[in-house]
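Q: One structure, pasted below without further comment.
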Amino acid sequence: ETAELLCRNRAISVRLLKRDTRRTDISIDVANVMSRVPVWEQTFIRLLTRFVPAPLRWIVAVDVSPEDIAASFHKAGAKPLFDAATVVDWSQLSSLSAEPGANALVVAPYLCDHATLRGINAQLRPLVDGGCVAYLAGVTIADSARNLSDLRIFLQYGEHGPETSIFRSALEFMLPWHSDAESSWAAELNLLLRMKDNGGIAPESQARVE
């Protein structure tokens, strides 16, 4: 059902070449597509309405603009909560001073790098010791139900039991992680680069190495 929704609305794109440490070469255009799919957007807004802790001190943005987050809060009828909070990019967490008992919301429209969220969790725990943290995603990629369950347990479990923090995702998409084996696209690129170094390649192949 999730795959059908994403494909029907042309939300999925594929990276032919690996560029970072992500374990999938699938990208999902959540920012532009979710707003055009009422059932998807309404699910995310409902999660926002139900699980955002109040009062809200910090909103941690994971690859999403403050403007997009503000729009979601406005649609949820929670603009005062947004206005009272400070939006920070997840890469800036180390610069924050601890505020025991403060509440935080982590927004990740497209969650495929579980390590990033685990790192955010590790940094937030001492920053808001005793406070409430909610993690909301537009869509979460996992290679299995077990993998997704492990992530949920890691993020939620704490000193108050299995729901010390909250993790929810509007959509969940099971997709096997890519292996470490070289893809045919990468093999072709490496071959063309070697040919280029050894005397050049045909003009029509030049564009494939740029």
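The values are calculated or read from the model by the stated rules, or taken from the named source; none is laboratory data. Owing to the predicted nature of the structure, the values given are computational and were not obtained by experimental measurement. Heads up, the Cβs are rebuilt from the backbone with ideal geometry, glycines too, and the neighbour counts pull from every protein chain shown. When the accessible area is computed, the model is the full protein with side chains, heavy atoms only, and any ligands, DNA or RNA have been set aside. Shrake-Rupley method; radii C 1.70, N 1.55, O 1.52, S 1.80 Å.
Q: Given R₀ = 25 Å, what would the calculated FRET efficiency be for Gln92 paired with Phe51, taking r from the Cβ atoms and rounding to 0.05?
A: 0.60
Q: Stretch Ile26-Asp68 to full length: gain in nm at 0.36 nm per residue minus the Cα-Cα span?
A: Here the segment from Ile26 to Asp68 would lengthen by 12.9 nm.
Q: Moving on. Arrange the peptides 55-66, 84-95, 103-114 so that the one whose residues have, on average, the most other Cβ atoms within 10 Å appears first.
A: Ranked from most to least packed, the peptides come out as 103-114, 55-66, 84-95.
Q: State, to one decimal in nm, how far the label point of Leu175 lies from the label point of Lys79, with both points 7 Å from Cα in the Cβ direction.
A: 3.5
Q: How many Å² of accessible area per residue for region 19-116, probe 1.4 Å?
A: On a per-residue basis, region 19-116 sits at 51 Å².
Q: Then there is this: Does region 8-144 classify as rounded, prolate or oblate by the C-alpha gyration tensor (a ≥ b ≥ c root eigenvalues; a/c under 1.5 gives rounded; else a/b over b/c gives prolate, otherwise oblate)?
A: Verdict is oblate for region 8-144.
Q: Working from the pairwise distances between different alpha carbons, so that the mean of 1/r is found and then inverted, what is region 115-171's Kirkwood radius in Å?
A: Roughly 11.8 Å, rounded to one decimal.
Q: Sticking with this one: Looking at the square roots a ≥ b ≥ c of the eigenvalues of the Cα gyration tensor of region 46-124, which shape do they give, rounded for a/c under 1.5, prolate if a/b is larger than b/c, or oblate?
A: oblate
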